[in-house]
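Participant: To start, I am sharing the structure in question, which I have written as structure tokens.
Only the coordinates and a few stated rules stand behind these numbers; no lab work does. The shown structure was predicted, so the numbers you read here are calculated from the model rather than taken from an experiment. Using ideal geometry, Cβ is built from the backbone for each residue, glycine included, and neighbour counts are taken over all protein chains shown.
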Amino acid sequence: MLEAGTKAPSFSLPDSSGNIHTLEEFSGKRVILYFYPKDNTAGCTKQACGFANLNPQFTEKGAVVIGISKDSTASHKRFEEKYELPFLLLSDTELTAIKAYDVWQEKKNYGKVSMGVVRTTYLIDENGIIEKVFKKVKAADNPQQMLDELNK
């Protein structure tokens, strides 16, 4: 896992419309960068909808929310439209950012071991430095947790 105080790894990933986004384009804003396992699953939907509901408060605080998973751009498009998500979902099918941020890890599910995305949220400051790392976050609680962090 990356540590607070280190430079956040750059990325160049497509959104649901195929437009490429980089971390550098958000310079001057705080970035809530969250990695999640899969579109349209119970936990990931709760987390995304929580971020959507609080999005006006994040915007008011000068922060942007970006979600990244290994799902395709088409999957992200359906997920965004179904839940009217007002923030960027980026597709990382090659696992470049997922591995750079060290969230591709061994997971155990019902005794079965496999590799997957560990739900993790990074708070990145205006200069691209990781402020705080939230490991193995609870999906439903994470959006409020991040707003509380911004309010400190």
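Participant: Go over the candidates ASN127, ASN53 one by one and state the one that is exposed (fewer than 14 other Cβ atoms within 10 Å of the Cβ), in contact (Cβ under 8 Å) with a residue 60 or more places away in the chain and touching a helix residue (DSSP H, G or I) at 6+ places or on another chain (Cβ under 9 Å). Write out each step before concluding.
Facilitator: On the way: ASN127 fails: touching a helix residue (DSSP H, G or I) at 6+ places or on another chain (Cβ under 9 Å).
Criteria check complete, one pass: ASN53.
Participant: Kindly provide the set of residues from the range 24-46 that are closer than 22 Å to GLN57 by Cβ and hydrophobic (A, V, I, L, M, F, W, C), ordered by number.
Facilitator: Of everything in the range 24-46, those that are closer than 22 Å to GLN57 by Cβ and hydrophobic (A, V, I, L, M, F, W, C) turn out to be PHE26, VAL31, ILE32, LEU33, PHE35, CYS44.
Participant: Still on this model: Counting only residues that are in a strand (DSSP E or B), under 14 Å from the mean Cα position of the chain (by Cα) and farther than 10 Å from ARG119 by Cα, how many does the range 129-152 have?
Facilitator: Our first condition is that a residue be in a strand (DSSP E or B); within the range 129-152, this holds for 129-134.
Adding the requirement that they be under 14 Å from the mean Cα position of the chain (by Cα) leaves 130, 132-134.
Going one step further and asking which of them are farther than 10 Å from ARG119 by Cα, we end up with 130, 132-133.
Qualifying residue count, the range 129-152: 3.
Participant: Now a separate question. Kindly indicate whether any position in the range 8-16 is in contact with an Asp or Glu (Cβ under 8 Å, 6 or more places away or on another chain) and more than 22 Å from ASN127 (Cα to Cα).
Facilitator: yes
Participant: Only one residue in GLU84, GLU60, GLU3 is farther than 14 Å from ARG119 by Cα, free of Cβ contacts under 8 Å to residues at least 12 places away in the same chain and either among the basic types (Lys, Arg) or surrounded by fewer than 17 Cβ atoms within 10 Å (Cβ to Cβ) (or both), so which one is that?
Facilitator: Of GLU84, GLU60, GLU3, the one residue that is farther than 14 Å from ARG119 by Cα, free of Cβ contacts under 8 Å to residues at least 12 places away in the same chain and either among the basic types (Lys, Arg) or surrounded by fewer than 17 Cβ atoms within 10 Å (Cβ to Cβ) (or both) is GLU60.
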